[in-house]
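K.L.:
Questions regarding the structure given below will be posed in turn.
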Amino acid sequence: MTPDNAAASVDRFTAADPLYRRRKAIDRAMTAVMFAAAGATVVPLALILFYLFRNGLGAINLDLFLLDPSAPGRGGGGVRSALVGSAIMVGLGTAIGTPVAIGCGVFLAEFGRNRAGTVLRFLVDVLAGIPSITVGLFVYGLIVLPARQFTAFAGAVALAIILIPILARITEEMMLLVPRSLREAAYALGAPHWMTVLRIVLPTAMPGIMTGLMLALARIAGEAAPLMFTALGNQFLSTDLFHAMDALPLRIFYFATGPYENWHQQAWAMSLVLVLFILGVSLLARTIVGSKVTVRQ
Amino acid sequence: MERPELIVQEPIVQAPAAPEPQRRDFFQVGTASGRVERAERRVSVAVEDVSAWYGSKLAVAGVSFEVLAHSVTALIGPSGCGKSTVLRCINRMHEINVGARVEGTVRLEGADVYGPNVDATRVRQRVGMVFQKPNPFPTMSIAENVAAGLRFMKIGTKSEERDRVEEALRAAALWDEVKDDLNKSGMALSGGQQQRLCIARTIAVEPEVVLMDEPCSALDPVATLKIEDLMAELAQRYTIVIVTHNLQQAARVADYTGFILLEQSDSAGHLIEYSPTSDLFTHPRDKRTEDFITGRFG
């Protein structure tokens, strides 16, 4: 390299070079665009939380949790029936869906490296993409119509159908994240495949699967559409699985579309409670992963 | 404890007539430690014309050698020559890869581990394996890790299990360091301790043969030395086959050494030379062995 060349190449990295200045300008512009996009993603969440707190916080009191919905136009009341109903149906839906989903995920991860697995994986993804209102209609035809009765059980089944594909794919992914060296260690100790899966792979993937369960649970807790034609809603407290039952998202819908001021306020309050619940569950999901860093790549 | 049988249907004593262990000239020559001379000269593992494929790719071609009981045998060779594949053929770990295939015969105490009706998991209970990277089970405590193999096989009561855990940890020279922390996670240990934990886990099920696939390559020199010392002790009770890319290590620990090299003709690993370690390092019979041990390639 001649001295002249060296001087020219140093020039490349200084403000004197027009090419350098252009690159620098593009760099700044693109960085600004990315920051704006990132901000645009978070702004709705911030605004939602802001409005929920502003409109809902005032209506949060003991009555909200301890009283059932008031009769139209009478003021006061609470949403106890919806809280209890949501807890029951989300709980039952999770209980029904989780074993199926984990079983399906284990199958996909351990026996799904073939054509059957590819087809099943595709079908699970399709199921995950089906609109929740369609799931509600399906369960309406499957359970509600034959029974001639809106039931909490039907609502729980609808929620389970929404949970299964989400949790199944998360389970599969978490199992595939378990390092191959751990499987080999188990095989080398003379463990057959099923024992390796049950005793080593599944326990190692469990924190990740629990996180997935939390996220899926948070998702179904906020679903109104699949419950409309199944659990229907109920302004009285009911714990009977074979009658109509209330749920938070349903109650929000009915109260928000109703004409009374106390209903509107309670709808805001319920929305706040629901969002805080989902936020809490998501945070819990994070701490599960954070506390047990077991999946090491 | 009853020794798990290799062949499910028929006990091993009735297995097809075990060939009389062959004695070759070079077995008479002095070995690295002289240990094998004192021990009974019995062939523990016989690898006979073994070839291994990954899918359609031939990785190892026609490898044959015999491993004497209670000896340390090293397989050396440049990276990617197939020495680990040879090792994994001995305890049928090669076949867990999708599309992997093995041809040839591997005899364990005379019985073909690839014979019909042989359960691969039984083979692996008798031929343990220690891997390159320490891989303790992260969801288990130190004690549970050591007991894992026993639990897989459902052998022993709780108190027997405790005894076996202590015995294995002592044999792996780890007991004094962890005896107060048996319920802590194995992941909290240092790399060298983790590897000794894996050795304890392997020998807790009392295998006959312990395969070690570059067991020190992820460890620092002090931890390496500890493992090497351990190998000499373990050879009193077990037969050890070690794969290493570290020539000095082979020279230090092994009674017999095999040199494996990728041949250009079929780009598969071949066993170039197999001799007592001292012979292989001082009078290599093959030019390529000489080139390798003098550092001309690999």
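K.L.:
Looking at region B:158-185, which of the residues that are within 21 Å of residue B:206 (Cα to Cα) and small (Gly, Ala, Ser) is nearest to the other protein chains (Cβ to nearest Cβ)?
P.N.:
Within region B:158-185, the match that is nearest to the other protein chains (Cβ to nearest Cβ) is B:168.
K.L.:
Okay, next question. State which residue is nearest to residue B:291 (Cα to Cα) when the search covers only region B:49-79 and only residues that are of a type outside the set (Gly, Ala, Ser) and in contact with a Gly (Cβ under 6 Å, 6 or more places away or on another chain). Steps first, answer last, please.
P.N.:
So in region B:49-79, the residues of a type outside the set (Gly, Ala, Ser) come out as B:49-50, B:53-54, B:57-58, B:60, B:63, B:65-68, B:70, B:72-73, B:75-76, B:78.
Filter once more, so that each one left must be in contact with a Gly (Cβ under 6 Å, 6 or more places away or on another chain): B:49-50, B:60, B:65, B:75, B:78.
Values: B:49: 25, B:50: 25, B:60: 21, B:65: 22, B:75: 16, B:78: 12 Å.
Filtering region B:49-79 for residues that are of a type outside the set (Gly, Ala, Ser) and in contact with a Gly (Cβ under 6 Å, 6 or more places away or on another chain), the one nearest to residue B:291 (Cα to Cα) comes out as B:78.
K.L.:
Would you point out which residue out of A:237, A:279, A:284 is in the same structural domain as residue A:159 (by TED's automatic domain parsing), modelled with pLDDT under 95, over 24 Å from the mean Cα position of the chain (by Cα) and aliphatic (A, V, I, L, M)?
P.N.:
Values: A:279 fails: over 24 Å from the mean Cα position of the chain (by Cα); A:284 fails: over 24 Å from the mean Cα position of the chain (by Cα).
Exactly one residue qualifies, and that residue is A:237.
K.L.:
Just to be sure I understand the filter: pairs with C-beta atoms under 7 Å, separated by 6 or more residues or on different chains, first member in region A:61-76 and modelled with pLDDT of 85 or more, second member aromatic (Phe, Trp, Tyr). Which pairs pass?
P.N.:
Between residues of region A:61-76 that are modelled with pLDDT of 85 or more and residues that are aromatic (Phe, Trp, Tyr), the close pairs are A:68/A:236; A:72/A:260.
K.L.:
Looking only at residues in region A:188-208 that are surrounded by fewer than 24 Cβ atoms within 10 Å (Cβ to Cβ) and in contact with a Ser or Thr (Cβ under 7 Å, 6 or more places away or on another chain), which one is nearest to residue A:83 (Cα to Cα)?
P.N.:
A:207
K.L.:
Taking the residues in region B:110-157 that are more than 14 Å from chain A (Cβ to nearest Cβ) and within 17 Å of residue B:206 (Cα to Cα) as candidates, determine which candidate is surrounded by the most Cβ atoms within 10 Å (Cβ to Cβ).
P.N.:
My answer is B:143.
K.L.:
Quick check, is residue B:102 under 26 Å from residue B:153 (Cβ atoms) and part of a strand (DSSP E or B)? Step through it out loud before you land on a result.
P.N.:
Details: under 26 Å from residue B:153 (Cβ atoms): yes; part of a strand (DSSP E or B): yes.
In short, yes.
K.L.:
Turning to a different aspect of this structure: Here's a check for you: in region A:186-226, which residue that is more than 14 Å from chain B (Cβ to nearest Cβ) and in contact with a Pro (Cβ under 7 Å, 6 or more places away or on another chain) is nearest to residue A:273 (Cα to Cα)?
P.N.:
A:222
K.L.:
Output the number of residues of region A:211-220 satisfying the condition of being touching a Leu at 6+ places or on another chain (Cβ under 8 Å) and farther than 12 Å from residue A:156 by Cβ. So that I can check it myself, show each step before the final result.
P.N.:
So in region A:211-220, the residues touching a Leu at 6+ places or on another chain (Cβ under 8 Å) come out as A:212-214, A:216-217, A:219-220.
From what's left, farther than 12 Å from residue A:156 by Cβ: A:212-214, A:216-217, A:219.
Of the residues in region A:211-220, 6 are touching a Leu at 6+ places or on another chain (Cβ under 8 Å) and farther than 12 Å from residue A:156 by Cβ.
K.L.:
Which condition number in (1) surrounded by 24 or more Cβ atoms within 10 Å (Cβ to Cβ); (2) within 14 Å of chain A (Cβ to nearest Cβ); (3) among the β-branched types (Val, Ile, Thr); (4) more than 16 Å from the chain's Cα centre (by Cα) is the one that residue B:60 fails?
P.N.:
With respect to (1) surrounded by 24 or more Cβ atoms within 10 Å (Cβ to Cβ); (2) within 14 Å of chain A (Cβ to nearest Cβ); (3) among the β-branched types (Val, Ile, Thr); (4) more than 16 Å from the chain's Cα centre (by Cα), residue B:60 is out only on (2).
K.L.:
Does any residue of region A:86-97 turn out to be more than 17 Å from residue A:216 (Cα to Cα) and not small (Gly, Ala, Ser)? Spell out the reasoning first.
P.N.:
If we filter region A:86-97 for residues that are more than 17 Å from residue A:216 (Cα to Cα), which is where we start, we get none.
No.
Okay, residues lined up against (1) outside any helix (DSSP H, G or I); (2) loosely packed, with under 11 Cβ neighbours inside 10 Å:
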site	(1), (2)
A:44	no, yes
A:48	no, no
A:52	no, no
A:55	no, no
A:65	no, no
A:69	yes, no
A:73	yes, yes
A:76	yes, no
A:81	no, no
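The values are calculated or read from the model by the stated rules, or taken from the named source; none is laboratory data. For clarity, every value in this text was computed on a predicted model and none was experimentally measured. Here the Cβ is made from the backbone with ideal geometry for all residues, glycine too, and neighbour counts use every protein chain on show.
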